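Peer 1: One structure, pasted below without further comment.
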Amino acid sequence: MVTTYRQLLDSDSRTAPDVLRDEHRHDFGSAPIGAERYIDQSFFDREAGMMWSKVWQMACREEDIPEVGDVHVYDIIDRSVLVVRSGPDTIEAFPNSCLHRGRKLMDESGRVENMRCGFHGWSWNLDGSIRSVPCRQEFAALSDDDLHLPVIRVGRWGGFVFVNFDADAPSLEEYLGVLPEHFERWGLEDRWKAAHVARVIPCNWKVAQEAFMESYHVIATHPQILPFFSDVGSEYDVYGPHVNRNLAAFGEPSPHLRERPSDGEVLEGMFGLWGRDVPEGIDADALPPREILGETARSSMARATRSDLDEATDAEMLDAIVYNVFPNFAPWGGFVPNIVYRWRPNGRDVDSCIMEVMILKPVKEGAAKPRGVPVHWLGEDEPWSNATELPALGPVIDQDMANMPHVQTGLKASGTGTVQLATYMESRIRHFHETLDAYLEGRLPARS
């Protein structure tokens with residue numbers, strides 16, 4: 001018998017907020033999709049021209065560039081962007097390209113007084129205005145306005161900085177839809193980036209991303225978590241063209257198991273995932289496992305952050321509350337240290353991508369927000385478990401990594417040239433491809 005996510009909310013020790021009960025199922029049918037979407041270079045090139053050039057994409061966190069003069073270099077396919085803290089509360093973005101001969105102005109992120117080209121010494125102020133041109137008389141036909149760096153649109157939400165190359169695209173607020181309302185309770189703008197790990201993966205960016213958009217794969221890929229993870233009971237919601245989410249419960253066993261584990265076994269599994277033994281004095285028969293686990297997580301985080309979490313539900317302390325913002329940004333909700341995923345093409349290589357995992361943690365009450373940690377790049381064959389800053393997550397991601405290269409090569413060997421998707425459990429993937437098609441066919445973006 002499957003326990004639905006809504007039933008778990010009904011039995012929560014606290015009253016669940018409306019945003020968790022905002023169920024939005026959508027029927028995308030049962031038709032297959034083409035394998036060429038993952039392996040064909042011409043399809044990839046259409047994405048670059050028709051989609052990546054028009055969407056809002058998360059470039060960095062605000063705490064990555066907290067001080068005036070901090071610059072973050074964001075690369076996507078052939079484009080490179082300078083995201084600049086040009087004033088105490090002003091963030092701007094410009095192409096990372098000298099207006100003279102095109103050399104990149106900055107090879108990597110850093111802090112500067114001005115942006116200076118290493119080729120001929122042209123330089124720009126932090127607001128993009130021209131600062132200096134050697135032998136300026138040679139360029140007398142060009143005014144200061146002509147030499148201002150082109151402006152790329154910037155949007156900010158939840159402590160994240162977004163960029164968009166399309167001047168006619170909807171505002172970030174419109175693009176995000178329900179996301180700001182749903183996350184208002186969780187306040188990601190008050191958190192800081194405590195971990196950031198990245199690795200190149202030998203598969204298309206969509207293959208990697210879609211491995212994290214459903215719980216259907218858990219039975220084969222992560223069987224060790226079945227005693228305390230309700231894979232079949234996961235909920236999949238869709239909100240407009242750009243946002244969907246998965247609600248997946250921990251502390252509740254999978255119905256795939258032949259026998260339901262005892263409450264004590266559920267607790268042992270979950271505490272083991274946290275890297276701990278079940279504390280002495282806990283009576284597994286006194287309360288439901290999710291209530292025990294929720295209170296444990298609540299007390300632990302309250303002590304660490306000196307904050308009041310008494311109204312936080314067990315669901316918000318335990319579960320995978322995973323949103324996807326089209327095309328490639330996946331922030332977790334809830335009050336636990338929030339995971340953030342991002343997947344990007346690796347240049348123009350259709351067969352490889354960059355996957356990034358960030359961990360956002362609460363700032364202690366009364367403390368200043370720390371600067372975001374730099375990216376920890378893993379080698380191409382290095383396991384995620386080597387990233388000790390991802391203690392429970394790294395080994396789980398390694399299990400996903402065991403699939404991805406073989407999905408990419410398997411798609412090329414396909415005898416049908418199609419991919420079959422579940423109607424409900426993989427509805428978020430169907431939603432993603434419906435939105436992608438809308439961009440490729442020129443039906444998005446559209447201002448309301």
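The values are calculated or read from the model by the stated rules, or taken from the named source; none is laboratory data. Only a predicted model underlies this, so the values are computations on that prediction, with no experimental measurement involved. Neighbour counts run over all protein chains shown; Cβ positions are idealised from the backbone, glycine included. All accessible areas refer to the heavy atoms of the entire protein, side chains included, with ligands and DNA or RNA removed. Shrake-Rupley method; radii C 1.70, N 1.55, O 1.52, S 1.80 Å.
Peer 1: Relative contact order, percent, of the chain when contacts are C-alpha pairs under 8 Å separated by at least 6 residues?
Peer 2: Values: 851 pairs, mean separation 102.2, N = 448.
About 23 percent, as a whole number.
Peer 1: Tell me, how many Å apart are the Cα centres for the stretch 215-232 and for the stretch 78-92?
Peer 2: After rounding, the separation between the Cα centres reads 41 Å.
Peer 1: To continue, here is another question. Can you give the FRET efficiency for His100 and Asp349, using 1/(1 + (r/R0)^6), R0 = 30 Å, r = Cβ-Cβ distance, to the nearest 0.05? Provide the component values of the computation, followed by the final result.
Peer 2: Numbers: r = 30 Å, r/R0 = 0.98.
Using R0 = 30 Å, I get an efficiency of 0.50.
Peer 1: I would also like to ask the following. Multiply the residue separation of Arg46 and Asn386 by 0.36 nm, subtract the distance between their alpha-carbon atoms, and state the gained length in nm to one decimal. Walk me through the numbers before you get to the answer.
Peer 2: Numbers: separation 340, 0.36 × 340 = 122.40 nm, distance 3.60 nm.
Net length gain for the segment: 118.8 nm.
Peer 1: Another question about this same structure. How far apart, in nanometres, would the label points at Ala167 and His24 be if each is projected 7 angstrom from Cα along the Cα-to-Cβ direction?
Peer 2: If labels sit at Ala167 and His24, their model points lie 3.1 nm apart.
Peer 1: Once the dipole of the chain is set up with Lys and Arg at +1 and Asp and Glu at -1 on Cβ about the Cα centre, which of Gly281, Met270, Val373 lies farthest towards its positive end?
Peer 2: Going by the charge dipole, the pick is Val373.
Peer 1: If you consider only alpha-carbon coordinates, what radius of gyration and Dmax does the stretch 15-169 have, in Å?
Peer 2: 20.1, 70
Peer 1: Gly379: net charge of surrounding residues, Cβ under 14 Å, Lys/Arg +1, Asp/Glu -1, itself excluded?
Peer 2: Working: positive: Arg199; negative: Glu380, Asp381, Glu382, Asp398.
Summing Lys and Arg as +1 and Asp and Glu as -1 gives -3.
Peer 1: Set Lys and Arg Cβ to +1 and Asp and Glu Cβ to -1, take the dipole of the chain about its Cα centre, and tell me which of Pro395, Leu105, Phe162 lies farthest positive.
Peer 2: Looking along the dipole axis, the top candidate is Leu105.
Peer 1: I need the peptides 414-420, 426-432 ranked by packing, meaning the mean over residues of other C-beta atoms within 10 angstrom, with the highest value on top. Can you show the working numbers first?
Peer 2: Working: 414-420: 11.7, 426-432: 23.1.
Going from most to least packed, we get 426-432, 414-420.
Peer 1: Evaluate the Kirkwood expression for the hydrodynamic radius of the chain, namely the inverse of the mean inverse distance over all pairs of different C-alpha atoms, and round to one decimal in Å. Please report the intermediate quantities before stating the final value.
Peer 2: On the way: mean 1/r = 0.0425 Å⁻¹.
Here the Kirkwood hydrodynamic radius works out to 23.5 Å.
Peer 1: Now for a different question. Taking K and R as +1 and D and E as -1, what net charge do the other residues with C-beta under 12 Å from the C-beta of Gly69 add up to?
Peer 2: Combined, the nearby Lys, Arg, Asp and Glu give -2.
Peer 1: Here is a further query. Compute, for the chain, the length of the dipole vector about the Cα centre, with Cβ point charges of +1 (Lys, Arg) and -1 (Asp, Glu) only. Units Debye, rounded to 20. Provide the component values of the computation, followed by the final result.
Peer 2: On the way: 44 positive and 71 negative charges, 257 e Å.
The calculation lands at about 1240 debye.
Peer 1: Would you give the gap between the C-alpha center of the stretch 102-143 and the C-alpha center of the stretch 179-211, rounded to a whole Å?
Peer 2: Rounded to whole Å, the Cα centres lie 33 Å apart.
Peer 1: Counting only pairs 8 or more residues apart or on different chains, how many lysine pairs in the chain have their Cα atoms under 20 Å apart?
Peer 2: Values: Lys54/Lys206; Lys193/Lys361; Lys193/Lys364; Lys193/Lys369; Lys206/Lys412; Lys361/Lys369.
Eligible lysine pairs with Cα atoms under 20 Å apart amount to 6.
Peer 1: Report the Cys residues of the chain lacking a disulfide-compatible partner, meaning no second Cys Cβ under 4.7 Å from their Cβ.
Peer 2: Cys60, Cys135, Cys203, Cys353
Peer 1: Report the local net charge at Val232: Lys and Arg +1, Asp and Glu -1, summed over other residues whose C-beta lies under 15 Å from its C-beta. Please list the in-between numbers first.
Peer 2: On the way: positive: Arg6, Arg258, Arg260; negative: Glu214, Asp231, Glu235, Glu252, Asp319, Glu426.
Net local charge, Val232 excluded: -3.
Peer 1: According to a simple spin-label model (label point 7 Å from Cα along Cα-to-Cβ), what is the distance in nm between Val375 and Glu67?
Peer 2: Result for the modelled spin labels: 2.2 nm.
Peer 1: With each pseudo-label sitting 7 Å past Cα toward Cβ, what's the Thr305-Val2 distance in nm, one decimal?
Peer 2: In this crude label model, Thr305 to Val2 measures out at 3.2 nm.
Peer 1: Using a 1.4 Å probe and counting only protein heavy atoms, arrange Arg298, Arg306 so the residue with the most accessible area comes first. It would help to have the intermediate numbers written out before the result.
Peer 2: Numbers: Arg298 10, Arg306 135 Å².
Heavy-atom accessible area, descending, gives Arg306, Arg298.
Peer 1: Charges only on Cβ, +1 for Lys and Arg, -1 for Asp and Glu: so what's the dipole of the stretch 272-318 about the Cα centre, in debye to the nearest 20? Before the final figure, lay out the partial values.
Peer 2: Values: 5 positive and 11 negative charges, 57 e Å.
Computed about the Cα centre, the dipole is about 280 debye.
Peer 1: So, one more: Which whole-angstrom value gives the distance between the alpha carbon centres of the stretch 338-401 and the stretch 256-295?
Peer 2: 28 Å
Peer 1: Classify the stretch 1-100 as rounded, prolate or oblate, taking a ≥ b ≥ c as the square roots of the eigenvalues of its Cα gyration tensor: rounded when a/c is under 1.5, otherwise prolate if a/b is larger than b/c and oblate if not. Spell out each step's value before the answer.
Peer 2: On the way: a/c = 4.04, a/b = 1.39, b/c = 2.91.
Oblate, because a/c is 1.5 or more while a/b does not exceed b/c.
Peer 1: When a/c is below 1.5 the answer is rounded, else prolate if a/b is larger than b/c, else oblate, so apply that to the stretch 233-324 with a ≥ b ≥ c taken from the square roots of the Cα gyration tensor eigenvalues. Please report the intermediate quantities before stating the final value.
Peer 2: Working: a/c = 2.51, a/b = 1.25, b/c = 2.00.
Note, shape of the stretch 233-324 comes out oblate.
Peer 1: Moving on. Name the shape class, rounded, prolate or oblate, that the alpha-carbon gyration tensor gives for the stretch 325-448, where a ≥ b ≥ c are the square roots of its eigenvalues, rounded holds for a/c under 1.5, and otherwise prolate holds if a/b is larger than b/c and oblate otherwise. Don't jump to the answer; show the numbers that get you there.
Peer 2: Working: a/c = 2.05, a/b = 1.36, b/c = 1.51.
Taking the square roots of the gyration eigenvalues as a ≥ b ≥ c, the stretch 325-448 is oblate.
Peer 1: Can you find, among Ala315, Gly294, Trp332, the residue sitting farthest towards the positive end of the charge dipole of the stretch 275-334, where Lys and Arg contribute +1 and Asp and Glu -1 at Cβ?
Peer 2: Trp332
Peer 1: Which trypsin sites (Lys or Arg not before Pro) in the stretch 87-123 sit in a loop by DSSP (not H, G, I, E or B) and have at most 11 other Cβ atoms within 10 Å of their own Cβ?
Peer 2: Values: sites: Arg101, Arg103, Lys104, Arg111, Arg116; in loops: Arg101, Arg103, Lys104.
When the trypsin sites (Lys or Arg not before Pro) of the stretch 87-123 are filtered for loop state and at most 11 Cβ neighbours within 10 Å, Arg101 remain.
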